[in-house]
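Heads up: the structure comes next, in structure tokens.
Nothing in this text is a laboratory measurement; each read-out follows from the coordinates by a stated rule. Keep in mind the model is a prediction, meaning the values are calculated, not measured. No Cβ is skipped: glycine too gets one built from the backbone with ideal geometry, and neighbour counts run over all protein chains shown.
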Amino acid sequence: MSTNGRKKAKLVAPRRSSAAPAKTGSRRNATAGKRRKGGNFITRFFGWIVLGLWRMVWWLTWRAAGLVFLALAISTGYFYLQLPAPEAQVDGRVRGSVTMLDRDGNVFAWRGEQFGGMIRASTVSPYLKNAVVATEDKRFYRHFGISPRGIASAIRINLAEGRGPLSGHGGSTITQQVAKILCLGRNYDPDSGISERDFEADCRQTSIARKLKEVPYSLAMELKYTKDEILMIYLNRVFLGAGAQGFEAASQRYFGKSSSAVSPAEAAMLAGLLVAPSYYAPTRDLERSQNRAAVIIGLMREQGYLSKAEAESALATPAELSEAAEAVAGGYYADWVMETGPSFLTRNTTEDVLIRTTFDARIQKAAEDALAQVFETQVREGSKAQAAIIVMSADGAVRAMVGGRRSKVAGQFNRATQALRQTGSSFKPFVYAAALDLGYRFDSLVEDAPLTLDVPGSGPWSPKNYTGDYLGTITLTEALAKSINTAAVRISEDVGREAVRTVARDFGIHSELDIGPALALGTSEATLLEMTGAYAGILNGGTSVRPYGLLELSLQGDNAPLMGKSGGLGERVISTRAARQLTYMMNQVTEYGSGRRAKLPDRPAAAKTGTTQGARDAWFIGFTADYVTGVWMGYDDNSKLSGVTGGGLPAEIWRETMLRVNDGVPPRPLPMIDPAEEGPPPPGTPGAAAPNPPPQMDPAQSILDEVLGAIFGRRQ
């Protein structure tokens, strides 16, 4: 078949397409395609960047986490290998403790770091164990040593309260607290050059670095020790105030019983100490400690450790202190015993020491109550005047000691043993003791008249009587009873000052004594302990005593004592007859003399008052047949006392003390002479009255003799 001369076109099938493009939009579609292609590139580019960064962060994170985990594992393993057996961790004290017993064998004071012996979580009262867990770490038996939730919560609370993130609440578990107590395995080295207090302060430091170190140590303990072993270390090592290390020591200290026997209320009080041992110590403020315990009881009830009935009972009958802890008596006394004992067994002991003493809690309370009663009723409010009291037996056994108006103290300035003060007229018994021992009698005569002595290097010196009056010729008994200064100086000059100094030193006055004639008037200084001990020598017949409080010292657990009594009777100073005469003369001080305000209603007493120049010190020291008591009163800054003499407030304090001390004690006579049974003095007795009336003298001669006697101190 022919065509029009054209070549026939080849048949081709059309290209498949989901939609045939319209001719009119072909160029527009091509442009849109190009635009879509460009947008995908930008998205993919930024996606690549984000993905790359994420992969880098992830790579760094898991590798850093791996390094941290590796470091944590290594440090935990290191601490794990270093940890000793748990029993070796319960007592980390560098120094030991001293427990003091009174004369009846009852504990009355503790010193040093008290440790009651190892206790276990299984042996303490379950109430105590549960109280500690409820208070400090309620998830203790469920966590692995650290509590991220607790730390985060503590940081939130600290920031909300305006503190730093690690200041205040720590969020530490019991395990972490043990790590801190153990100072991450470091032990104190006394040769390190830092004090133990500074070392402990460094161990308690709260910082991010320290918190990070606690983590591996805590994990190591969790791996090596059981939960109860960790709790055991905590119960034994935690400080609970008043020198008590561990709950056993604290239980004994506050309640006088073992930690295995405490009640729910007592357990709550002990657990309440953990937050602030000194602040919540029941010996400091019992009511505050009881209020804190009530909070702990509430926590124990909420966590199911106490039934409703048990909680209500504990709240209704809060814990009370033991009798010894409540008294908090003998702080000054205990400090004195610590000073008098050997330092390596008292102040610097590394052992646990037991000291049996002469302390009498009843007498101590009597002295403290007497002092408080006089100051409350007879001293103006706000007065800063101080006072001290010592009560001892005739052999020097100190029964009570008050070193100041604040009685419940430890480590404070002790005015009874440390204050050196002028003794005033309380020194005069030593003048008369020297005279009596050299032959004078209680009824020997002495002149009370104006007297002037020439003191080399100082010039003329004229002693004056307190009243400004002169009595003429009087007996030694009247001179002492009325505290006549001129008579005491005349006697001292007659027997010799060196004889007076010798008697005073031999009776126990170890302080430096004056060498001038004013020695007789008590211008030398001494402590109240020295003076009271010296008067005890007069009571026991002229034999000196060394005041003592330590009866027996031993290590806890040992039966054999390391040392025995630290004082007692010494050498004879004056004859028994001289001592009996002097006791009678001092008895007249309380009968009609300067100390009559101290006279006791049911028994005889012998005493002497003392007031120093300028009335800066006032003394009253005296004794009954059973006890010697010394009282000092003055200001710490040596200010002048206003209207106070030895025969005033000190005599009142002495009387109030002795009334209480002798309550229930049968009265006994003093070891003194009976003047009615004494015959006339033998011829030649110093100061004796003439056996016959003196011959009549010319009046002019008599006047001349009086003038000469006044000038030269000649006895008539």
Note: the stretch 550-652, point scatterers on Cα, Debye, no solvent; log10 I/I(0) at q = 0.10, 0.13, 0.23, 0.24 Å⁻¹ equals -0.45, -0.65, -1.12, -1.17
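At 222 nm, what helix-only mean residue ellipticity would the chain give, in deg cm²/dmol to the nearest 500, using -39500 (n - 2.57) for each DSSP H run of four or more? Walk me through the intermediate numbers first.
Numbers: 22 runs with 295 residues, N = 716.
So the calculated ellipticity at 222 nm is -13000 deg cm²/dmol.
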Of all trypsin sites (Lys or Arg not before Pro) in the stretch 322-384, the ones in DSSP coil with at most 11 other Cβ atoms within 10 Å are 380, 384
So how much slack lies between residue 65 and residue 144, counting 0.36 nm per residue of separation and subtracting their Cα-Cα distance, in nm? 26.5 nm
Across all directions of projection, what mean area in square nanometres is found for the Cα convex hull of the chain? 60.2
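Does the stretch 197-284 come out rounded, prolate or oblate, given a ≥ b ≥ c as the square roots of the eigenvalues of its C-alpha gyration tensor, rounded meaning a/c under 1.5 and, failing that, prolate meaning a/b above b/c?
oblate
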If packing is taken as the average number of other Cβ atoms within 10 Å across a peptide's residues, how do 602-613, 128-139 rank, most packed first? 602-613, 128-139
Proximal aspartates and glutamates to residue 482, defined as alpha-carbon separation beneath 16 angstrom and excluding residues fewer than eight positions away on the same chain: 443, 447, 448, 469, 591
What FRET efficiency comes out for the pair residue 473/residue 384, r = Cβ-Cβ distance, R0 = 51 Å, nearest 0.05? 0.70
What angle, in degrees between 0 and 90 and rounded to the nearest 10, separates the Cα long axis of helix 699-712 from the longest principal axis of the Cα atoms of the chain? 30
Which residues qualify? For residue 114, with a placed amide H closer than 5 Å and at least 5 residues away or on another chain, they are 244, 245
Under 15 Å, Cβ to Cβ, from residue 562 - net charge with Lys/Arg +1 and Asp/Glu -1: -2
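Output the relative contact order of the stretch 113-327, whole-number percent, from Cα pairs under 8 angstrom with separation of 6+ residues.
27
Between residue 201 and residue 596, how high is the FRET efficiency from 1/(1 + (r/R0)^6) when r is the Cβ-Cβ distance and R₀ = 56 Å? Nearest 0.05. Walk me through the numbers on the way to the answer.
Details: r = 58 Å, r/R0 = 1.03.
Step by step, r from the Cβ atoms, then E = 0.45.
If you rank 375, 359, 108 by fewest surrounding Cβ atoms within 10 Å, what's the result? Could you put the intermediate results ahead of the total?
Details: 375 19, 359 28, 108 25.
Result, fewest neighbours first: 375, 108, 359.
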Quick one: length gained pulling residue 546 to residue 106 fully straight, 0.36 nm per residue minus the C-alpha distance? 156.0 nm
For q values of 0.22, 0.30 Å⁻¹, compute log₁₀ I(q)/I(0) with the Debye formula on a Cα-only model of the stretch 576-625, without solvent. -0.77, -1.09
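Go through 227/257; 365/464; 211/308 and tell me which ones have a Cα-Cα distance over 30 Å in this structure. Could the numbers behind the result be given before it?
Details: 227/257 26 Å; 365/464 40 Å; 211/308 38 Å.
Over 30 Å Cα-Cα: 365/464; 211/308.
Between residue 85 and residue 323, what length in nm is gained on full extension when 0.36 nm per residue of separation is reduced by their alpha carbon distance?
Working: separation 238, 0.36 × 238 = 85.68 nm, distance 3.80 nm.
Additional length available on full extension: 81.9 nm.
Treat the count of other C-beta atoms within 10 Å as a stand-in for reagent exposure and order 633, 56 from fewest to most. Intermediate values should be presented prior to the final figure.
Numbers: 633 29, 56 10.
Least to most surrounded, the residues fall as 56, 633.
Relative contact order for the chain using alpha-carbon pairs under 8 Å, separation at least 6, rounded to a whole percent?
Values: 1264 pairs, mean separation 86.5, N = 716.
This gives 12 percent for the chain.
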Restricting everything to alpha-carbon atoms, can you work out Rg to Rh for the stretch 395-492 with a Kirkwood hydrodynamic radius? 1.12
Measure off 7 Å from each Cα along the Cα-to-Cβ vector at residue 309 and residue 73, then give the distance between these two points in nanometres to one decimal. 5.5
Amide H to amide H, which residues 5 or more places from residue 359 or on other chains are under 5 Å from it, using H placed in the peptide plane? 103
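Of 417, 377, how do they rank once you tally other Cβ atoms within 10 Å and put the fewest first?
Working: 417 22, 377 9.
Ordered from fewest to most neighbouring Cβ atoms within 10 Å, 417, 377 come out as 377, 417.
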Placed amide H near residue 545: partners under 5 Å, 5+ positions off or other chain: 537, 570
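Which shape class, rounded, prolate or oblate, goes with the stretch 314-368 when its Cα gyration tensor gives a ≥ b ≥ c as root eigenvalues, a/c under 1.5 marks rounded, and past that a/b bigger than b/c marks prolate? Before the final figure, lay out each step's value.
Values: a/c = 3.43, a/b = 1.62, b/c = 2.12.
It is oblate, given that a/c is not under 1.5 and a/b is not larger than b/c.
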Could you state the number of Å between the C-alpha centres of the stretch 223-278 and the stretch 537-610? 44
Per residue and in cubic angstrom, what volume does the convex hull of the Cα atoms of the stretch 113-327 have? 137
